[in-house]
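To keep things clear, I will list the structure first and then write my remarks on it.
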Amino acid sequence: MRLATFNILHGRSPTDGRVDLDRLRSAVRALDADVLALQEVDRDQPRSHGADLTAVAAEAMGADEHRFVATMHGEPGVWSAATGDEQPAASSYGIALLSRLPVLSWQVVALPALRGRAPVQFPGARLPALVRDEARAAVLAAVSTPQGPLTVVATHLTFIPGWNVVQLRRLVRALRRQPRPLVLLGDLNLDPRRAAQASGMRALAHAATFPSQSPQRQLDHILADGPVAADGAAASLDLGLSDHRALAVDVRVSPGSPR
């Protein structure tokens, strides 16, 4: 079974600045994932041709099961948090989880938002900038695999240093009662050491994913708790869109896997 996570940058290519839906379809097909977590996903946004990018990806990979969770609604620059509604009727933006395998149940976990603005030092800038974060969430699926049930969680944590650790710890606390084995996929905006420390989970995938053309850092992760293990080395894939590479790994679920 192949798991993958991909921050798609609403389908935009950093090389030509275009959102090409056929390019997105080709990228998802190339991943050939059984379960796929997506971040920075648009729905009904002018910048991405008004498309439902979750539905585009689901059709491309043959995923009958999929869930889009809006974290923001409206258009960039004027949007606001999509609290209280996973899929508002307006233009929206958020995360998605897609599965070729049957899903027994779905659940959404809201993550704590940082109030006010926080200083962030961006590469190349002389001084920190005061920024306001977006709303954040996680989506959980109980997936039925040929080897048994697997809890899959997808998220996209804030880029604000320190607060992403807070969000990850809150998420792990919310997942304590979920059945194991459990995997957590997504853009955590953390290096591997901090992601492992804050989550208490094992990494199933080790590979640099950012920036896409010459990756120097691993911001995207596939973490595990319980009897699930990697079945081979992970792949970091430049798929022709986004400033992130996709991260994929084949896994096996079995009682003999490490906890």
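The values are calculated or read from the model by the stated rules, or taken from the named source; none is laboratory data. Predicted model only: the values in this text are computed from it and were never measured. Virtual Cβ from ideal backbone geometry, glycine too; neighbours counted across all protein chains shown.
Overview of values
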| quantity | calculated |
| --- | --- |
| Residues (out of contact with any helix residue (DSSP H, G or I) (no Cβ under 7 Å at 6 or more places or on another chain) and at negative phi) located in segment 46-68 | P46, D52, T54, A55, A58, E59, A63, D64, E65, R67 |
| Subset tally (residues that are under 19 Å from the mean Cα position of the chain (by Cα) and not in a strand (DSSP E or B)) for segment 63-76 | 2 |
| All positions within segment 109-120 that are part of a loop (DSSP other than H, G, I, E, B) and either touching a Gly at 6+ places or on another chain (Cβ under 9 Å) or under 21 Å from T5 (Cα atoms) (or both) | L111 |
| Condition met for D22 (at pLDDT 95 or above and within 19 Å of L9 (Cβ to Cβ)) | yes |
| Checklist (1) buried (at least 23 other Cβ atoms within 10 Å of the Cβ); (2) in a helix (DSSP H, G or I) applied to R29, failing item | (1) |
| Every pair of residues 6+ apart whose Cβ atoms lie under 7 Å, when the first sits in segment 43-64 and is farther than 17 Å from Y93 by Cβ while the second is β-branched (V, I, T) | A60/V28; M61/V28 |
| Every residue from segment 109-166 that is touching a Pro at 6+ places or on another chain (Cβ under 6 Å), of a type in the set (S, T, Y) and crowded, with 16+ Cβ neighbours inside 10 Å | T151 |
| Every pair of residues 6+ apart whose Cβ atoms lie under 9 Å, when the first sits in segment 160-175 and is at positive phi while the second is of a type outside the set (D, E, K, R) | G162/A118 |
| Complete set of residues in segment 121-176 that are closer than 20 Å to R67 by Cβ and part of a loop (DSSP other than H, G, I, E, B) | E134, A135, R136, L157, L175 |
| From the options S214, S236, residue that is farther than 18 Å from A137 by Cβ, polar (S, T, N, Q) and surrounded by fewer than 19 Cβ atoms within 10 Å (Cβ to Cβ) | S214 |
| Residue in segment 88-108 that is nearest to the chain's Cα centre (by Cα), counting only those that are under 10 Å from R67 (Cβ atoms) and surrounded by fewer than 17 Cβ atoms within 10 Å (Cβ to Cβ) | V108 |
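Yes/no matrix, rows are residues, columns are (1) at pLDDT below 95; (2) of a type in the set (F, W, Y); (3) within 22 Å of D42 (Cα to Cα):
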residue: S99; (1), (2), (3): no, no, yes
residue: L104; (1), (2), (3): no, no, no
residue: A125; (1), (2), (3): yes, no, no
residue: P128; (1), (2), (3): yes, no, no
residue: R173; (1), (2), (3): no, no, no
residue: V183; (1), (2), (3): no, no, no
residue: A195; (1), (2), (3): no, no, no
